[in-house]
């Protein structure tokens, strides 16, 4: 139990340093996490030794670069990330906008990958960030097709449209001036069933999105998602048809 508690405290330190976004002194970290100075020092010393925390020349602590190696390693081991990378690059290049891959992990929607187009806009969030489920295209798709997010907050008419069209649209609901269109990526779970494993989404400034055209963006992303589904299945292609929820 003591070992487990130490691991939890070390993780608390790492996540706190990440959330703060700047370098902090030992006393500041201990105060924020209600850790005795001696315990906090031991934790930080161990984390510095493993290079997941760095200590600067004036004794302040910040996340270490070893975390980057761990994070990249975890991302590369996500099958859907490998399968979707080419699609993200192609769609970002085609529309000159940012394209995201979002997946449900431990009950939260996280950005699994991201490719920025050559356009001026650089849309947040970043890889690994959590996005809200109630005001995003990805959240709407998981509410309609997934099994882990509630659909109660989604109007019945909108849920019906999403189920019929096979994609979801968010206009200025999360970030003012930003429109996002998302499509589902499916993976076979056997016996003719498919599970929603990720969402492929394009984000653009709302005026530019209008110029691109909802139909053109939707058709292009839906086609890309079919190809990703095929790669996940190891076939390189997949028959396009009506979405299956896997429920």
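The values are calculated or read from the model by the stated rules, or taken from the named source; none is laboratory data. Note that the structure is a prediction, hence the values are computed from the model and not measured. Here the Cβ is made from the backbone with ideal geometry for all residues, glycine too, and neighbour counts use every protein chain on show.
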Residue 117 - would you say it is over 21 Å from residue 234 (Cα atoms) and touching a residue at least 24 places away in the same chain (Cβ under 8 Å)? yes
Have a look at 172, 161 and point out the one that is in the same structural domain as residue 104 (by TED's automatic domain parsing), in contact with a strand residue (DSSP E or B) (Cβ under 7 Å, 6 or more places away or on another chain) and surrounded by fewer than 22 Cβ atoms within 10 Å (Cβ to Cβ). 172
Filtering strands (runs of 3 or more DSSP E) wholly in region 1-108 for at least 2 residues that are over 25 Å from the mean Cα position of the chain (by Cα) and farther than 27 Å from residue 204 by Cβ gives 53-55
For residues that are at pLDDT below 85 and touching a strand residue (DSSP E or B) at 6+ places or on another chain (Cβ under 7 Å), scanning just region 129-148, find the one that is surrounded by the fewest Cβ atoms within 10 Å (Cβ to Cβ). 148
Looking only at region 213-245, count every residue that is under 22 Å from residue 85 (Cβ atoms) and either in a helix (DSSP H, G or I) or modelled with pLDDT of 90 or more (or both) and tell me the total. 17
Going residue by residue through region 76-89, is there one that turns out to be surrounded by fewer than 17 Cβ atoms within 10 Å (Cβ to Cβ) and in contact with a helix residue (DSSP H, G or I) (Cβ under 6 Å, 6 or more places away or on another chain)? no
Per-region count, region 175-187, residues touching a helix residue (DSSP H, G or I) at 6+ places or on another chain (Cβ under 6 Å) and either surrounded by 16 or more Cβ atoms within 10 Å (Cβ to Cβ) or touching a residue at least 60 places away in the same chain (Cβ under 8 Å) (or both): 9
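Say whether the condition of being touching a residue at least 40 places away in the same chain (Cβ under 8 Å) and either assigned by TED's automatic domain parsing to the domain that holds residue 127 or in contact with a helix residue (DSSP H, G or I) (Cβ under 6 Å, 6 or more places away or on another chain) (or both) is met by at least one residue in region 24-41. Let's see the steps before the verdict.
Residues of region 24-41 touching a residue at least 40 places away in the same chain (Cβ under 8 Å): none.
Checking region 24-41: not a single residue is touching a residue at least 40 places away in the same chain (Cβ under 8 Å) and either assigned by TED's automatic domain parsing to the domain that holds residue 127 or in contact with a helix residue (DSSP H, G or I) (Cβ under 6 Å, 6 or more places away or on another chain) (or both).
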